[in-house]
Every structure is written in C-alpha cells, then in structure tokens.
1. Quick check on my filter: what residues within segment 84-104 are open to solvent by 60 Å² or more (accessible area, probe 1.4 Å) and not in a loop (DSSP other than H, G, I, E, B)?
2. Being assigned to a loop (DSSP other than H, G, I, E, B) and over 22 Å from Arg213 (Cα atoms) is the filter here, so list the residues in segment 26-67 that pass it.
3. So how many residues does segment 223-253 have that are acidic (Asp, Glu) and touching a Phe, Trp or Tyr at 6+ places or on another chain (Cβ under 6 Å)?
4. Please verify whether Ala79 is of a type outside the set (Val, Ile, Thr) and farther than 17 Å from Ile191 by Cα, treating the condition exactly as stated.
5. Which numbered condition trips up Gly246, out of (1) under 16 Å from the mean Cα position of the chain (by Cα); (2) within 16 Å of ligand 2 (Cβ to nearest atom); (3) at positive phi?
6. Within segment 40-75, which residues are more than 13 Å from ligand 2 (Cβ to nearest atom) and over 21 Å from Tyr236 (Cβ atoms)?
Amino acid sequence: MSRPDTPLVSTQQTSSGGLLSLEPAVLAAKELTVTYENGFTALTGFTLDVRPGEIVSLLGHSGSGKSTFMKAVTGMAPATATQLSVAGTEVIGAHGAQLRAVRSDIGYVFQHFNLVPRLSALTNVLTGGLHAAGPLNRLGLFPRAQRVRALELLDRVGLADQANNRADSLSGGQQQRVAIARALMQDPKIILADEPVASLDPRLAGSVLSLMRQIAHEDGIPVVVSLHVVELARRYTDRFVALDAGTATHRGSITELTDDMVSSIYGEDPINVRA
Ligand SMILES: Nc1ncnc2c1ncn2[C@@H]1O[C@H](COP(=O)(O)OP(=O)(O)O)[C@@H](O)[C@H]1O
Ligand SMILES: [Mg+2]
C-alpha cells in the first residue's frame, strides 16, 4: 500500500550516518499524475517529499515510471498534481523564466553521462555553469572564476589530474564523476540521477554512488536516484520508494526494506535477492 511521507518531527540519524534535516522539502510532489499524449498514464497519484541532506532511491521494474517521475519534476512530461515544486517554485504550468529557474535548480545525471566526447573534462564541467556564466569573453573563454570553480569540482570528484583530457578518453566511472561535477557547477538545489550506474561495473558503481551520498550528506544537496540493483540502494541510500506500474507500492527507511518487499517489487530476480 502507498502511504504519504510522514513529516519528520525531529532530526534523525540515518542508517548511513547522515542527518535528515528539518528544513522544508526541496522537492515536493503531491498526487502527481502523468498521462502521455497517447493517453497512457505512466504515473498515478505519486507523492514524495525530499529534504536537504538525504539520498532517496527509486526502485521498480523497467517501465514502472521512474524516469517519468524525473521528467515530470523538470517540467518535461505532461503532469497534473496538487503540488509539484522544486526549491519552492511550482513546476506545473511554469514556462519561460520560471521553468528555466526550476531547471537550473536541478542537477540531472543520466545513465549514459551525456558528456561532449571531444571536449575536455574541464570544459564539460564548465558547461554546467553556462546559465550563470554570462557571455564568454572575446576569446570564447569561460571567466576565470568559473574555471577555478570547475577545477575545484573536478578535484572534489577525484579527477583534477584528468582536467585537460578528452571526455571520451575517460573510463565510464570517471565520465559519470565528470557529469556529477558538471551538475554541481550549476549550484543545484537537488540532484536527480536516472539509473546513473546502470552502465558501470559494480566497483565503479560503488564509487559513483558513494560520491552522491557524500554530496547529499555533506553538502546537504538531496539526491533522488533510480537504481535497479537493490543491494546498491541498501548500501548507499537513506530511504526508498518502490514503483509498480506508476503507483508507489512500498516506501520507508532503507533499513525497513525487507527481502519480502524486494521479492514483491522485483519477483525472484536473482540480482535482487540478498545472498
Ligand atoms: N513519451 C511517452 N509516451 C508514451 N508512453 C511513455 C512515454 N515515455 C514513457 N512511456 C511509458 O511510460 C511507462 C513508464 O516509463 P518510464 O518512466 O520510462 O519507466 P522506468 O524509468 O521506470 O523504466 C512505460 O510503460 C513507458 O513505455
Ligand atoms: Mg527509466
């Protein structure tokens, strides 16, 4: 059964050591429904609040509505809701400057990284700040302050030594960390990561998710991440919501995710049954 998020009444220590804050939700979705142009309803009455400092996993089969949720939050899917807001800005009906504001508050991380392959890691990170950079200077260069910030962020994700290397010369795990640095360059209020480790081997997946958890817990920027390997959700996220055919079926603290729930979410898929 779906139940609405219970508001936090006190600061709580999370299973992985982070602190859930009492601050208002950065992302508030209430009774969110998405019906695509062809009449198919991919998300029905979905409710989720995400607060500073937490990393929340979205679980569910392929086709259950995880990407649809993230698209709706960025104003890219036809949605209705009693509330859908990011950092206090209402998404539904937003256009022009309001929609740009919503999108610049969201750092989006994709499965396939979406870097520009022939540009350097540094330039890829710099493109994340384009909305704030203003016009490039006469030589087509980014302002110095932006370059310094981009280098700091590459250092933060452990890739300072790769700054001048082309994106397509980096490993998948490195490319995803560049993509995270690019998202941080936006100074996002929240990060949405849609299957960010689905193309990575397990060791690299861990390094990317541990970076995301650190961003949530240490920088306070909440992360919503869709994952299809439950063990990764258990290890790296604070809380989970499971979707089935567009409806939330289970949710809770990640420590409340039982093997029975996993079987009911995924069936007997061996990848998701605990060894
Ligand atoms: N643009 C679209 N038009 C119609 N149906 C869509 C569209 N995008 C996704 N869907 C459908 O919505 C459902 C949910 O898709 P999606 O959100 O991508 O699921 P997930 O990310 O969990 O795999 C699927 O049945 C998918 O085929
Ligand atoms: Mg998807």
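The values are calculated or read from the model by the stated rules, or taken from the named source; none is laboratory data. This structure is a prediction, so every number in the text was calculated from the model and none was measured. Glycine also receives a Cβ, built like all others from the backbone with ideal geometry; neighbour counts cover every protein chain displayed. Keep in mind that these areas ignore ligands, DNA and RNA; they rest on the heavy atoms of the full protein, side chains included. Shrake-Rupley method; radii C 1.70, N 1.55, O 1.52, S 1.80 Å.
1. Answer for segment 84-104, where residues must be open to solvent by 60 Å² or more (accessible area, probe 1.4 Å) and not in a loop (DSSP other than H, G, I, E, B): Glu90, Ala97, Gln98, Arg100, Arg103.
2. Step one: list which residues in segment 26-67 are assigned to a loop (DSSP other than H, G, I, E, B), which gives 26, 36-40, 51-54, 60-65.
Matches in segment 26-67: Tyr36, Glu37, Asn38, Gly39, Phe40, His61, Ser62, Gly63, Ser64, Gly65.
3. Kept after step one, since they are acidic (Asp, Glu), are these residues of segment 223-253: 231, 238, 244.
Add one more test, that the residue is touching a Phe, Trp or Tyr at 6+ places or on another chain (Cβ under 6 Å), and what stays is none.
The qualifying residues number 0.
4. Yes, satisfied.
5. (1)
6. Taking segment 40-75 and keeping what is more than 13 Å from ligand 2 (Cβ to nearest atom), we get 40-41, 44-57, 73-75.
Hits for segment 40-75 are Phe40, Thr41, Thr44, Gly45, Phe46, Thr47, Thr74, Gly75.
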